[in-house]
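The structure under discussion appears below in the form of structure tokens.
The values are calculated or read from the model by the stated rules, or taken from the named source; none is laboratory data. Computed from a predicted structure; not experimentally measured. Here the Cβ positions follow ideal geometry from the backbone for every residue, glycine too, while neighbour counts run over all protein chains shown. Just the protein is used for accessible areas: all its heavy atoms, side chains included, with ligands, DNA and RNA removed. Shrake-Rupley method; radii C 1.70, N 1.55, O 1.52, S 1.80 Å.
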Amino acid sequence: MSRVPVRSAALQVGEFAVGVTVAYAAIGATWALSHSIWSLLVATILIVAAAIVIELRYGAKATGLVVGMLPTSMLVCGLLVAMSLVVYRLN
């Protein structure tokens with residue numbers, strides 16, 4: 001049995017962890033600097049665009065990174081926008 005699939009899987013998991021960290025850090029920094037919904041949406045669109053460019057440029061080599069960045073940024077943005085709207089309605 002070859003060790004290549006195991007090494008490839010470990011690399012993809014590491015890329016996924018980096019992608020999640022990048023997405024959380026970017027959205028979190030945007031949220032900390034500006035509590036505006038629009039800035040969150042712009043940051044998310046930029047992260048999604050970067051993930052698409054990375055996927056088109058590197059293909060299967062960077063799938064873990066893209067899978068970490070894309071859904072995480074969209075999920076965190078959605079949660080923060082929903083929280084903002086709820087807090088806004090409570091005021």
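Among the listed residues Val6, Val87, Val42, identify the single one that is at pLDDT 90 or above, of a type in the set (A, V, I, L, M) and part of a helix (DSSP H, G or I). Working first, answer last.
Working: Val6 fails: at pLDDT 90 or above; Val87 fails: at pLDDT 90 or above.
It is Val42.
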Note on the range 29-76: residues under 10 Å from the mean Cα position of the chain (by Cα), within 19 Å of Val87 (Cβ to Cβ) and open to solvent by 70 Å² or more (accessible area, probe 1.4 Å) are Leu75
